[in-house]
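Below: one structure, written as structure tokens.
Taken together, the values in this text are just the output of simple stated rules run on the coordinates, not laboratory data. It should be emphasised that the depicted structure is a prediction, and the values quoted were computed from it without experimental measurement. Don't worry about glycine lacking a Cβ; one is built from the backbone with ideal geometry, like all the others, and counts go over all protein chains shown.
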Amino acid sequence: MPIATQATTNSDGVIHRVQELITTSAATATAITLTYGFVPKRVLIHNVTDRISDEWFEGMAAASSLHDVAVGTRTLETTNGVTVNTTLRTVTLTAVTMAASKTFAVLVEG
């Protein structure tokens, strides 16, 4: 079967990786923006408290992600996913994703 479109990037063999553990306060949930010294190509965020995960890959639309919940359902999130700004080298996570009083494990690769 022919491929309609394909986008491939080359990292020149250099992989940048950041792992973070973030705990949100009991205050109202708020969006957060994380800044890195590289352009993220993959963002994986686990809400460890509720066992919910979101994963974004380079080329996906802003505010989108593959969304997995504890019961095993996987959907395409199109409004509360991950937004990567390649110019500023930032990752923005919405207030819905960054719920209050939760612990998150975040992996960013570029």
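Evaluating 6.51 cos²θ - 1.76 cosθ + 1.60 at θ = phi - 60° for every residue in segment 38-45, the Karplus couplings come out as 8, 8, x, 10, 8, 10, 10, 10 Hz, glycine and proline recorded as x. Label positions at Asn85 and Ala29, each projected 7 Å from the Cα along the C-beta direction, are separated by 2.2 nm. Computed about the Cα centre, the dipole magnitude for segment 17-109 is approximately 120 debye when only Lys and Arg (+1) and Asp and Glu (-1) carry charge, each at its Cβ. In this structure, the amide hydrogen of Thr49, modeled 1.01 Å from its nitrogen in the peptide plane, lies closer than 5 angstrom to those of Thr103, counting only residues at least 5 positions away or on a different chain. Calculate the tail of P(r) for the chain: the fraction of all Cα-Cα distances greater than 21 Å, expressed in %. Counting pairs separated by more than 21 Å, the tail of P(r) holds 37 percent.
Largest GNM mean-square fluctuation among Gly13, Gly37, Gly81, using the chain with Cα springs under 10 Å: Gly13.
Counting charges near Ile45 (Lys, Arg +1; Asp, Glu -1) among other residues having Cβ under 13 Å from its Cβ returns a value of -4. Sequence-distant contacts, meaning Cα pairs under 8 Å at least 6 residues apart, place the relative contact order of segment 34-110 at 38 percent. The amide H of Thr83, built 1.01 Å from its N in the peptide plane, has Ala63, Thr92 as neighbours under 5 Å, considering only residues 5 or more places off or on other chains.
Where in segment 77-110 is the amide nitrogen less than 18 Å from a point lying 7 Å along the Cα-to-Cβ axis of Tyr36? Taking a point 7 Å out along Cα→Cβ of Tyr36, the residues of segment 77-110 whose backbone N falls under 18 Å are 81-94, 98, 104-110. With a cut-off of 9 Å between beta carbons, the residues surrounding Glu55 carry a summed charge of -1, where Lys and Arg count +1 and Asp and Glu -1.
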